[in-house]
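What follows is calculated from the coordinates using simple rules that are stated; it is not laboratory data. Keep in mind that this is a model prediction, so the values were computed, not measured. Neighbour counts are summed over all protein chains in view; Cβ atoms, including those assigned to glycine, are modelled from backbone coordinates with ideal geometry.
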Amino acid sequence: MRQLKIALVLAIAVVLQSSLPAVWPGFVYADLPLIVVVYVALQRDALQALFVGAAAGLATDLLSGGLLGGGGFSKTLVAFLVVSLATRVMLDNPLARIPVLAGASLLDDAVYVLLHRMLGQPTNFKFVEQASFKLVATTVAGTILLYLLDLIFSERARQRRQLAFRRRVARRGIVKLGRRK
């Protein structure tokens, strides 16, 4: 069930990545599939993160018309490095995830451009400008989306919501009985 949810979220991210810039050109800088890859990599499941990274990169390569496999390699490398970092450092705090997301965005752009240049493929953008805009947009959008993905996938968050509801019901029962302390 979890793999199906991840595949669905990844498919939605890839479709939104290719269709949202038509609505507003500023959306071209937010890398939604990369955010999903970083989220899955932060869950410390290396094999799943590598598969999601490869699938996200290849799907974005197919829709962008660029070098086929360049995005797949860069996102897979990002997934591997984030999993390696997440297994050594506790990154469950949402504030600790922000620099990881920013670093993943910079690494993804650097590897992607490096692969294009090594293979003699033309790149139609300025690296520093593209990377800086993508860094800001992906970090801002990613901070919000990582929180939302935690709400969707996290078992702890689901248990907290259930316990909060039970506590609220229990408090109402105590107040009605007149035993409030």
Study note, to complete from the structure: In the set Leu42, Leu101, Leu63, the lone residue that is over 19 Å from Ser154 (Cβ atoms) and touching a residue at least 40 places away in the same chain (Cβ under 8 Å) is Leu63
Review point. Of all residues in region 86-131, how many are in a loop (DSSP other than H, G, I, E, B) and crowded, with 17+ Cβ neighbours inside 10 Å?
Key: 1
**Study point:** Conditions (1) surrounded by 19 or more Cβ atoms within 10 Å (Cβ to Cβ); (2) more than 25 Å from Ser19 (Cβ to Cβ); (3) touching a Leu at 6+ places or on another chain (Cβ under 7 Å); number of the one not met by Ala49
**Key:** (3)
